[in-house]
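What follows is a single structure, written as structure tokens, with notes after it.
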Amino acid sequence: MTLPPAPGRARREGPFSDLLSVRTYRVALYVALALPLGGLVFLLLAVGTLSGVLTLPLLAGAALLLGTLWLVPALAEVQRWLAGLVGVRFSRVLPPPTHAGVLPWLRATLSEGATYRALMFHTVQLPLAALCWVVLGSLLGVSLLALTAPLWTRRPDVFPVMWDGGTVAFSGLGVAGLTLAGVGGLLVTAAVLDLFGRMWGRLASALLANRADEVIARREVAALRRAAGRVALGDDLGATLADLAGQARAASTARAVALVTPDGTVRAASGPDSPELRGPSPFLAAGGADVRLAAGGGALATLPVVAGGRDGGTLRAVYAPGTGPTPDELAFLLSIADHAGTALHAAELIERASARAGEQERARLARELHDSVAQALYGITLGAKTARATLGRDEGRTRASLDYTIRLAEGGVSEMKALLFSLRPDALEEGGLIAALSQHAHALEARHGLTVHADLGAEPHLSPAAQAAAYRVAQEAMHNVVKHARASRVWLTVREEGGEVTVRVRDDGRGFDAATLPGGTLGQRGMRERAREVGGTLDVRSEVSAGTTVTLTLPAAPHPVPQQETEVGA
């Protein structure tokens, strides 16, 4: 894994940046050592393999082959150390596994992908290093020849330059041009060295990754998968952020990780407390990262948390002295920061939706109370006053006023119970679906003068979610009857047969042409969505002047079958 640039030291730009960079000379040293090392590795592996194959009938052949196989990962450790010259660092090597014999070791070594990747690196190193030597040697030779032009052009007798059968004499301007060309050749050589360094770095990162890197990669993937699941669950923001901080610390080399608000307050943390985890943060663009030295010689990595396009604070990771994050680890921590931003944004949206839903529910309740209970109470007042005014003078009129008052009172009670069923989800579970539909049907008759034929039967076996869906769908269907159908009669039926529960609402209203609404109305789509969420189906059939029938079919919940007791006599 390539290390990030040193904190606070930006890469110098300009025509001489590569030539003056220390990294260029480190890469040159790597290329210089790669050819002899590649030749030595190729010779050891080739001689060992060939000798082992030729002497295989003897016991020495098997030993030579096993020794050659042992050399593959051992020489890979040397290659990993040498790769530090091109800026590649590998994770701390895990302790080698112990094996109970040669065969288990052989089986484990041959089954590891790292063995074959290391063998591929050993194979390509020699020809690739030779190609680098040829290219760089040619460029460097031409550049040095041009740079030394002021020396060899002064002695044409010793260093003659022949062209078309004659000796070429260089003027002062020509010598200056050759010198400038030599400087340009050195710049090109430095740029090519930088390119070769990147090539060798990528090759080493891809083929020499040790077992610790693979373990860390799997651990990071598992942490991201768990973090995504935790954010998707979204049940508790504090617990979600604490879990994200714990996952980030467990899957990285950081000593402590914290999620911090924009003003520097710690939201959630994992690991020992550190002063670097608190306080204001530097400005960071989305997707950026800030790595700097911390107190005590460690490193502090700060990454932005973006919640819905707004500043959600930062994720901070503190590292032990002498250690720091690699680019791969920074990318992992940035993914955790993105998950934290998603969790914050989701919590904000849920809070907004809850506030909006509360406002809408209060407005609906106010309308329901005004349209039903308040009007019923007003009617009761008028009926009672009429009965009092006619008391003792007109017995028939008094009786009619009292009957009217009683009907309004019963309707008000039914309306209030229906509202309670709407406001308390547990009331539906306690009272049952049949009781809730009965109260709603009674309220419909008292309030709107409809004749409701309720054939409800016994309480069906439904899960709480299916019970709530059945009540809401029936409620919406009867609301549509009042609002749109202009009906005088409604038939409400509940049946449980063959493992299914059917709730049907039918009216004798004006109906509608279903062909003109292929996708259904907004209310119908909402009812279908409720049915689909609990594994049910909704069917709406209507004809103009022939009424509408809404049928909800739900799977019945399993219920225990009573067992007959048997007496065992002695």
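So here's what we get for this one:
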item	result
Efficiency of FRET from Cβ geometry, Ala250 and Leu382, R₀ 56 Å, rounded to 0.05	0.20
Listed peptides 307-315, 271-279, 501-509 by packing density, highest first (mean Cβ within 10 Å)	501-509, 307-315, 271-279
Asp394 paired with Ile434, simple spin-label distance in nm, labels 7 Å along Cα-to-beta-carbon	4.4 nm
Förster radius 56 Å - calculated FRET efficiency between Leu43 and Glu533 (Cβ-Cβ, nearest 0.05)	0.20
Approximate spin-label separation Leu517-Trp133, in nm, with each point projected 7 Å along Cα-to-Cβ	8.4 nm
Net lengthening on full extension, Ala32/Phe159 (0.36 nm per residue, minus Cα-Cα)	42.8 nm
Rounded to whole Hz, the Karplus (6.51, -1.76, 1.60) HN-Hα couplings of the range 523-533, x for glycine and proline	x, 5, 5, x, 5, 5, 5, 4, 5, 5, 5
Ordering of 475-485, 171-181 by burial proxy (mean other Cβ atoms within 10 Å per residue, highest first)	475-485, 171-181
Arg407 versus Thr493: modelled label distance in nm, points set 7 Å from Cα along the beta carbon direction	2.8 nm
Pairwise FRET efficiency - Arg541 versus Arg198, Cβ, R0 = 60 Å, nearest 0.05	0.30
Additional length obtainable on full extension of the chain from Leu145 to His484, 0.36 nm per residue less Cα span	112.4 nm
Potential extension, Ser463-Leu56 segment - 0.36 nm per residue separation minus Cα distance	139.3 nm
Solvent accessible area, Å² - Leu64, 1.4 Å probe, full protein context	70 Å²
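The values are calculated or read from the model by the stated rules, or taken from the named source; none is laboratory data. Just so you know, these numbers come straight off a predicted model, no measurement behind them. Here Cβ is always computed from backbone atoms with ideal geometry, including for glycine, and neighbour counts include all displayed protein chains. SASA here: full protein model, heavy atoms, side chains in, ligands and nucleic acids out. Shrake-Rupley method; radii C 1.70, N 1.55, O 1.52, S 1.80 Å.
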